[in-house]
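Structure first, commentary second.
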Amino acid sequence: MAYKRNTHQKELILSVLGEAPCHPTAGEVYERVRLRCPTVSRSTVFRVLSDQAAEGRILRLHLDGEADRYDAATAPHCHVCCRRCGRVADLPWTDPPPPADTAGFTLEGCSVVYRGLCPACRMDSNAERRL
Ligand SMILES: [Zn+2]
Ligand SMILES: [Zn+2]
């Protein structure tokens with residue numbers, strides 16, 4: 001029974017992540033899952049997301065100074081993160097040139113996060129400048 005319930009919760013967590021507009025944190029996924037399944041625990045949501053990311057079924061984004069975010073899309077793509085509001089958007093993937101020196105490492109992957117201002121924040125900062 002417990003196993004069945006866990007599977008159900010896991011599916012719900014993954015489907016909520018898939019519906020999320022953009023790269024929610026584990027806390028945000030938990031808030032959404034809880035609306036549909038009030039018995040789910042915060043630690044279950046955090047554990048399922050972290051396990052699924054470790055298995056490569058979803059992406060986990062490490063962003064400086066912010067909570068990790070999760071992404072249901074695992075096809076290669078780049079991200080851009082707004083330095084003001086933290087919004088993350090997908091960008092098409094472009095292969096970076098391979099480094100001339102790998103420091104003895106076998107390279108397995110690469111993630112690219114651009115930083116900048118999202119359109120809403122750029123409008124805001126233009127407005128502030130005019131004041
Ligand atoms: Zn922004
Ligand atoms: Zn993404």
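Per the conditions (1) within 11 Å of ligand 2 (Cβ to nearest atom); (2) over 30 Å from H8 (Cβ atoms), the sole criterion not satisfied by I58 is (2).
Pairing each residue of region 76-89 that is within 11 Å of ligand 2 (Cβ to nearest atom) with any residue that is of a type in the set (F, W, Y) and outside any loop (DSSP other than H, G, I, E, B), provided the two are 6+ apart or on different chains, yields C-beta distances under 8 Å for C78/Y114; H79/Y114; V80/Y114; C81/Y114. Scanning region 54-69 for residues that are crowded, with 18+ Cβ neighbours inside 10 Å and either assigned by TED's automatic domain parsing to the domain that holds R115 or in contact with a His (Cβ under 7 Å, 6 or more places away or on another chain) (or both) yields L61, R69.
The set of residues in region 1-27 that are assigned to a helix (DSSP H, G or I) and either within 26 Å of P76 (Cα to Cα) or acidic (D, E) (or both) comprises K10, E11, L12, I13, L14, S15, V16, L17, G18, E19, A26, G27. A Cβ distance below 9 Å, combined with a sequence gap of six or more or placement on separate chains, defines the contacts here; from region 27-53, residues that are in the same structural domain as D68 (by TED's automatic domain parsing) reach residues that are among the polar types (S, T, N, Q) and surrounded by fewer than 17 Cβ atoms within 10 Å (Cβ to Cβ) in the pairs Y30/S41; T44/N6; V48/N6. The one condition from (1) under 17 Å from A20 (Cβ atoms); (2) not assigned by TED's automatic domain parsing to the domain that holds K10 that R83 does not meet is (1).
Checked against (1) touching a residue at least 12 places away in the same chain (Cβ under 8 Å); (2) surrounded by 11 or more Cβ atoms within 10 Å (Cβ to Cβ); (3) of a type outside the set (K, R), P96 passes all but condition (2).
Out of everything in region 111-131 that is surrounded by 12 or more Cβ atoms within 10 Å (Cβ to Cβ) and assigned to a loop (DSSP other than H, G, I, E, B), what residue ends up being nearest to ligand 1 (Cβ to nearest atom)? Filtering first and then ranking leaves C118. Of the strands (runs of 3 or more DSSP E) contained entirely in region 28-96, those carrying at least 2 residues that are in contact with a Phe, Trp or Tyr (Cβ under 8 Å, 6 or more places away or on another chain) fall at 59-61, 77-82.
The values are calculated or read from the model by the stated rules, or taken from the named source; none is laboratory data. All values derive from a computational prediction rather than experimental measurement. Here Cβ is always computed from backbone atoms with ideal geometry, including for glycine, and neighbour counts include all displayed protein chains.
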